[in-house]
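Derivation of every value follows stated rules applied to the coordinates shown; laboratory data play no part. Note that the structure is predicted; figures quoted are calculated from it, not measured. We place every Cβ from the backbone using ideal geometry, glycine too, and count neighbours over all the protein chains shown.
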Amino acid sequence: MGFSRERPPFVADERTQLVGWLDLQRALVRWKLEGLAEADEHRAVLPTSPLMTPAGLVSHMRWTEHCWFNVLFLGESYEGNPQFQEEPEDADMMADGVPLAQLLDEFEAQCTESNEIVAAHSLDDVGKHPEFGSAQATLRWMLLHMVEETARHVGHLDTMRELLDSQKGYY
């Protein structure tokens, strides 16, 4: 599967640009991790953040997509999404024993599902989950938030990669 590392067109409708920028950031997730040694997939580089590993971050991004588009926007159940567990804290980043390739595939499958949700709704539609105030945001707001969220974590992956094996690059 995979997403394009091409920027969206300079002139396009709002939806094309929003989804295009988000898909670009999503594509950079896999690209930042290409060729990473298996021994480094679950290695933390920050002593005070043991869950901040390449694998943990990809797991987190997968569940964040699910949170915003499936749970908050569509109003689906949050059961099964570890972000909503009270204990253990940061359960969505706990990916020990799960190969990075599997986590990347799960992330991309969730992103594809998110794109299907976006395609089926107006950017002015608001979320439906009755238990969370964030569900009151429009789909447009959620897309902008996910561009910010994903891009920030791509920066984390870039830094982790340089600390793990000296690989670096813009894109």
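Placing +1 on the Cβ of every Lys and Arg and -1 on the Cβ of every Asp and Glu, with nothing else charged, gives the chain a dipole about its Cα centre of roughly 640 debye.
Converting phi to 3J(HN,Hα) with the Karplus coefficients 6.51, -1.76 and 1.60 and the offset θ = phi - 60°, segment 71-80 yields 7, 5, 6, 6, x, 5, 5, 9, 4, x Hz in sequence order, with x at every glycine or proline. A helix-only calculation puts the chain at -16000 deg cm²/dmol for mean residue ellipticity at 222 nm, using -39500 (n - 2.57) for each DSSP H run of at least four residues, averaged over all residues. Computed from backbone phi with θ = phi - 60° and the Karplus coefficients 6.51, -1.76 and 1.60, the 3J(HN,Hα) list for segment 8-13 is x, x, 4, 10, 6, 5 Hz; x is used for glycine and proline.
Ellipsoid semi-axes for segment 21-165, based on the Cα gyration tensor and the rule √(5λ), read 27, 17, 12 Å when sorted largest first. For the chain, modelled as a GNM whose springs connect Cα atoms under 10 angstrom apart, the maximal fluctuation among 148, 108, 41 occurs at 148. Once the Cα atoms are used to define both axes, helix 54-65 deviates from the longest principal axis of the chain by about 10 degrees. Taking only Cα atoms, what is the 0 to 90° angle, nearest 10, from helix 100-119's long axis to the longest principal axis of the chain? Between helix and principal axis, roughly 10 degrees. If you line up the long axis of helix 139-165 against the longest principal axis of the chain, both from Cα atoms, how many degrees apart are they, to the nearest 10? Rounded to the nearest ten degrees, it is 10. When the chain is treated as a GNM with alpha-carbon contacts under 10 Å, the residue of 101, 37, 91 showing the greatest mean-square fluctuation is 37.
Placing dummy labels 7 Å off each Cα toward the beta-carbon, the span from residue 101 to residue 116 is 2.5 nm. With 0.36 nm allotted per residue and the present C-alpha distance subtracted, the residue 77-residue 15 stretch has 19.7 nm of extension available. In the elastic network of the chain, a GNM with C-alpha springs shorter than 10 Å, the most mobile of 60, 129, 121 is 121.
By the Cα gyration tensor, segment 89-171 has an equivalent ellipsoid whose semi-axes, rounded to whole angstrom, run 29, 16, 14 from largest to smallest.
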